[in-house]
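Take a look at the structure below.
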Amino acid sequence: MKFVIVYASIHHQNTKKIVDDLCECFPVDSIDLTQDPYPDISSYDRIGLASGIYFGSVHPLIKDFVEKTKFRKDQKCFVITTAGAPFLDFSGFLCRTLKKKGIECCGSFHCRGYDTYAIFGKIGGIAKGRPDTKDIMRARKFLDSLK
């Protein structure tokens with residue numbers, strides 16, 4: 001089974017930190033949508049969609065990728081998000097969009113990430129030091145469960 005994580009990580013590289021670690025620990029490829037907005041994922045069985053959260057939503061490049069990509073019916077997707085806000089499930093839009101396309105979303109992972117966006121910058125940011133070692137270990141456990 002071949003895995004790839006397609007991601008957009010902009011401000012503090014929180015999502016990239018998770019993606020890079022997963023690619024070091026597992027046989028997983030990664031594609032940065034800021035460098036390659038329309039990659040060919042046809043050879044992959046499991047596609048991760050990873051993004052920081054911006055004003056409650058995934059990065060526009062991730063949305064655009066999911067909406068415009070023609071997935072194979074046997075491909076399955078999973079979602080990874082990082083955000084300053086805790087305990088919110090930001091995978092809903094992506095999972096609903098995938099379902100409309102007939103693609104299964106087989107799970108999601110979320111952790112906090114350092115956030116200085118908008119008003120948080122005025123107070124020095126929130127979730128400093130995140131994602132941390134515990135978050136990374138949880139992400140590894142999540143990906144391992146998808147094999």
Selected residue (criterion: modelled with the lowest pLDDT) from residues of region 90-123 that are assigned to a loop (DSSP other than H, G, I, E, B) and more than 21 Å from Ser9 (Cβ to Cβ) | Ile123
Given (1) in contact with a Gly (Cβ under 9 Å, 6 or more places away or on another chain); (2) hydroxyl-bearing (Ser, Thr, Tyr); (3) farther than 19 Å from Asp135 by Cβ, number of the condition Ser57 does not satisfy = (1)
If you go through region 63-80 one residue at a time, how many are of a type in the set (Val, Ile, Thr) and either in contact (Cβ under 8 Å) with a residue 40 or more places away in the chain or in a loop (DSSP other than H, G, I, E, B) (or both)?
-> 2
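Residue-by-condition table, conditions (1) in contact (Cβ under 8 Å) with a residue 24 or more places away in the chain; (2) farther than 24 Å from Glu104 by Cβ; (3) within 10 Å of the chain's Cα centre (by Cα):
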{"site": "Met1", "(1), (2), (3)": "yes, no, no"}
{"site": "Ser9", "(1), (2), (3)": "yes, yes, yes"}
{"site": "Ser30", "(1), (2), (3)": "yes, no, no"}
{"site": "Gln35", "(1), (2), (3)": "no, yes, no"}
{"site": "Asp40", "(1), (2), (3)": "no, no, no"}
{"site": "Ser57", "(1), (2), (3)": "yes, no, no"}
{"site": "Leu61", "(1), (2), (3)": "yes, no, no"}
Only one of (1) open to solvent by less than 50 Å² (accessible area, probe 1.4 Å); (2) more than 18 Å from Arg138 (Cβ to Cβ); (3) among the β-branched types (Val, Ile, Thr) fails for Thr81. Which number is that?
-> (2)
Filter region 89-102 down to the residues that are free of Cβ contacts under 8 Å to residues at least 24 places away in the same chain and either surrounded by fewer than 18 Cβ atoms within 10 Å (Cβ to Cβ) or of a type in the set (Ser, Thr, Tyr) (or both), then identify the one that is farthest from Phe26 (Cα to Cα).
-> Lys100
Evaluate region 62-77: report whether one residue or more is surrounded by 13 or more Cβ atoms within 10 Å (Cβ to Cβ), within 19 Å of Tyr117 (Cα to Cα), at pLDDT 95 or above and among the polar types (S, T, N, Q).
-> no
Can you name the residue in region 6-33 that is assigned to a loop (DSSP other than H, G, I, E, B) and modelled with pLDDT of 95 or more and is also surrounded by the most Cβ atoms within 10 Å (Cβ to Cβ) among such residues?
-> Leu33
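The values are calculated or read from the model by the stated rules, or taken from the named source; none is laboratory data. Bear in mind the structure is a predicted one, so any value in this text is a computation, not a measurement. Cβ coordinates were reconstructed from backbone atoms using ideal geometry, including for glycine residues, and neighbour counts include every protein chain displayed. For the accessible areas, the whole protein counts, side chains as well, though only heavy atoms, and no ligand, DNA or RNA atoms are used. Shrake-Rupley method; radii C 1.70, N 1.55, O 1.52, S 1.80 Å.
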